[in-house]
Structure formats: structure tokens, C-alpha cells
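Chemist: Got a structure here, written out as C-alpha cells. Questions coming.
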Amino acid sequence: MKIDILTLIPGVFQNVFNESVLGSALEKQILEIGFHSIRDFGEGRHRVVDDTAFGGGPGMVLKPGPLIQAIRALRENGEVAPVIGLTPQGVKLSQKLLKELSHKPRLMLVCGRYEGFDERIRREFDLEVSIGDYVLSGGEIAAMVFVDSMARLIPGTIGDQASVEQDSFFNGPLDHPQYTRPAVWESLPVPQVLSEGNHESINLWRKARSLKKTAVRRPDLFCRLNLDGKEKNLLQTCFAD
Ligand code: 6GU
């Protein structure tokens with residue numbers, strides 16, 4: 001997959017993108033990221049990209065010309081790619097949306113800054129995405145969130161793709177609790193079933209704990225799970241203890 005990022009501050013991405021899963025996806029060329037500065041398309045000697053708002057009000061607004069020209073320039077030198085505007089007014093990012101978009105060979109992410117985009121820029125977006133109900137100073141952090149979670153879904157980025165499919169939100173419930181050595185820490189033991197080596201019992205225990213955790217912490221997700229009879233019984237056993 002190739003992701004083009006249009007931003008006023010391309011420099012902020014480097015460190016984040018060179019680490020861990022993302023860094024190795026880029027190294028293996030499973031994922032390619034192009035950084036593009038909106039300022040390259042700015043107007044005049046000062047490469048102006050923003051202006052005050054018509055009608056008054058605080059802050060600056062991104063002008064339509066430079067940003068739209070940047071989007072069009074990228075469209076012209078590549079295949080068709082959905083253009084995704086990162087804005088607090090977009091649809092909320094979810095694992096489901098990421099999975100749908102993970103089949104695209106190419107995506108374009110547009111990061112806003114200041115008080116927002118001139119409304120006429122929105123016609124260039126195929127989709128607007130928000131990462132949650134709070135206000136960021138710009139779309140760059142949202143773009144990092146988008147690219148990091150997308151990279152995990154591209155086959156080959158993570159050695160064991162099964163581990164991706166077990167992640168929370170993939171199949172619905174939250175992850176089951178995890179433990180590692182030591183077997184006892186400050187008098188807190190690891191649940192016995194995990195060290196007994198019976199994989200069937202371990203899987204049942206994990207499933208039960210994952211359902212319980214979801215019911216307690218995220219009743220909204222739990223309601224959408226569609227449990228079968230076996231799963232309902234399993235849940236009862238773990239609420240009993
Ligand atoms: Cl994508 N951009 C900004 N500026 N704020 C946000 C956001 C995006 N998602 C949540 N808040």
C-alpha cells in the first residue's frame with residue numbers, strides 16, 4: 001500500500017514512522033509513505049497557505065487554492081486513490097473502517113491545521129475521518145494514528161497475522177488478560193490454568209475472561225457481540241467466581 005500524506009509539517013512524522021511495526025513495514029516496502037508539503041503549493045513569494053476568515057473570528061483558515069492544487073498534483077501522477085481529510089467533523093475511525101480501506105492499493109491523507117479548511121476544500125475529499133470527540137491542533141497526530149493502525153492490517157507487517165486477528169475490536173470482544181513471568185509477583189499469582197499446559201482449558205479460560213472484560217468495561221461493545229449458547233454458558237461460569 002502507498003499512503004501519501006499532505007501536511008504543513010512533514011518533519012513531525014519521521015521519528016514515529018521509523019520505529020517498530022511501522023519502521024519494519026517501510027523497510028520491507030510493504031508500505032510506502034510519501035510526504036508532501038502543502039506549503040510547496042503556497043501562493044506568492046511567502047508561499048501563503050492560510051488567511052483570515054470571511055465574517056470575522058479568531059484564527060486562520062486554510063485557503064482552497066494551495067491545498068486543492070496539491071491534491072490534484074498528487075492525483076495526476078498516480079492511480080486513483082481515495083482522498084481522506086482528517087478533521088474532527090469526519091466519521092469516527094474504527095477497526096472496521098481501517099479493514100475496509102486496507103484493501104486499497106493507495107490512499108491520500110490530508111492534514112488540516114489552524115481553525116480548519118475553507119469549506120470548498122471538502123468537495124475534494126472522498127471521506128472525512130476523525131479519531132474521536134476531542135480537538136487536536138491539527139490532523140498530523142490523527143494521520144499517525146491512522147497509519148499505525150493501518151500498517152498492522154497489511155499482510156506481512158506483523159510476523160504472526162493470527163495475532164492481529166486476535167486483537168481487540170477485530171472480532172468484537174476485548175483482549176483476554178495476559179501474564180508473563182514471574183509466576184508470583186508481590187504475592188499475586190498467575191491464574192493456575194495458564195501454567196498447566198492444557199490448551200483447550202486455556203482457550204476456554206481466555207474466551208471467558210475476554211467476554212467478562214468486555215461486559216464489565218465496554219457494555220456498548222458487549223451488546224453487539226451476538227453470543228451463542230456456548231459462549232453464554234462460559235460467561236456464566238466466570239461471573240460465578
Ligand atoms: Cl482528524 N483533526 C483534528 N484537528 N482534531 C481531531 C481529529 C482530527 N480527530 C479528532 N479530533
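Chemist: If you take the square roots of the eigenvalues of the alpha-carbon gyration tensor of the range 168-240 and sort them as a ≥ b ≥ c, do you get rounded (a/c under 1.5), prolate (a/b over b/c) or oblate?
Modeler: It comes out prolate by the Cα gyration axes.
Chemist: Just list whichever of Lys92/Lys207; Lys207/Lys230; Lys28/Lys104; Lys212/Lys232; Lys2/Lys99; Lys99/Lys213 have alpha carbons separated by over 22 Å in the model shown.
Modeler: From Lys92/Lys207; Lys207/Lys230; Lys28/Lys104; Lys212/Lys232; Lys2/Lys99; Lys99/Lys213, over 22 Å: Lys92/Lys207; Lys99/Lys213.
Chemist: For the chain, what is the accessible area per residue in Å² when the probe is 1.4 Å?
Modeler: I get 60 Å² per residue for the chain.
Chemist: Rounded to the nearest 20 Debye, what is the dipole magnitude of the range 168-240 about its Cα centre when Lys and Arg each give +1 and Asp and Glu each give -1 at the C-beta?
Modeler: So the dipole magnitude of the range 168-240 works out to roughly 200 debye.
Chemist: Run the simple label-point estimate for Ser102 and Asp228 please: 7 Å along Cα→C-beta, distance reported in nm.
Modeler: A separation of 2.3 nm, rounded to one decimal place.
Chemist: Then there's this: To the nearest 0.05, how large is the calculated FRET efficiency for Arg218 and Ala240 if R₀ is 25 Å and r is the Cβ-Cβ distance?
Modeler: Taking R0 as 25 Å, the efficiency between Arg218 and Ala240 is 0.75.
Chemist: For the range 226-241, list residues with backbone N below 12 Å from a point placed 7 Å from the Cα of Leu194 toward its Cβ?
Modeler: Output list for this probe position: empty.
Chemist: If you place +1 on the Cβ of every Lys and Arg, -1 on the Cβ of every Asp and Glu, and leave all else neutral, what size is the dipole of the chain about its Cα centre, to the nearest 20 Debye?
Modeler: 340
Chemist: Heavy-atom accessible area of Ser94 with all protein chains present, probe 1.4 Å, nearest 10 Å²?
Modeler: Approximately 50 Å² for this residue.
Chemist: For the range 2-151, what proportion of DSSP beta bridges, expressed in % and rounded to the nearest 5, is antiparallel?
Modeler: Within the range 2-151, antiparallel bridges account for around 15 percent of the total.
Chemist: Only helical DSSP H runs with n ≥ 4 go in: add -39500 (n - 2.57) per run for the chain, normalise by residue count and round the 222 nm mean residue ellipticity to 500 deg cm²/dmol.
Modeler: -10000 deg cm²/dmol
Chemist: Separate question: Along the charge dipole of the chain, which of Gly11, Ala240, His199 sits closest to the positive end, that is, farthest toward it, with unit charges on the beta carbon of Lys, Arg, Asp and Glu (+1, +1, -1, -1)?
Modeler: Ala240
Chemist: How much of the accessible area of the range 11-155, probe 1.4 Å, is carbon plus sulfur, in whole percent?
Modeler: Taking all protein chains in place, the range 11-155 shows 51 percent carbon and sulfur surface.
Chemist: Projecting each Cα onto the charge dipole of the range 78-126 (Lys/Arg +1, Asp/Glu -1 at the beta carbon, about the Cα centre), which of Ser102, Gly116, Val83 comes out farthest on the positive side?
Modeler: Farthest towards the positive end: Ser102.
Chemist: Follow-up. Note down the magnitude of the dipole of the range 1-102 about its Cα centre, charges +1 on Lys and Arg C-beta and -1 on Asp and Glu C-beta and zero elsewhere, to the nearest 20 debye.
Modeler: For this selection, approximately 180 debye.
Chemist: First check a/c for the range 2-151, with a ≥ b ≥ c the square roots of the eigenvalues of its C-alpha gyration tensor; if it is under 1.5, answer rounded, and if not, answer prolate when a/b is larger than b/c or oblate otherwise.
Modeler: Verdict is prolate for the range 2-151.
Chemist: Moving to a separate point now. Take the alpha carbon atoms of the range 62-119, find their center, do the same for the range 121-156, and report the distance between the two centers in whole angstrom.
Modeler: 8
Chemist: Could you work out how far apart the two model spin labels at Phe54 and Gln89 are, taking each label as a point 7 Å from the Cα in the direction of the beta carbon, and quote it in nm?
Modeler: Reported label-point gap for Phe54 and Gln89 is 1.4 nm.
The values are calculated or read from the model by the stated rules, or taken from the named source; none is laboratory data. Keep in mind the model is a prediction, meaning the values are calculated, not measured. Glycine also receives a Cβ, built like all others from the backbone with ideal geometry; neighbour counts cover every protein chain displayed. Only protein heavy atoms, including side chains, enter the accessible area calculation; ligands, DNA and RNA are left aside. Shrake-Rupley method; radii C 1.70, N 1.55, O 1.52, S 1.80 Å.
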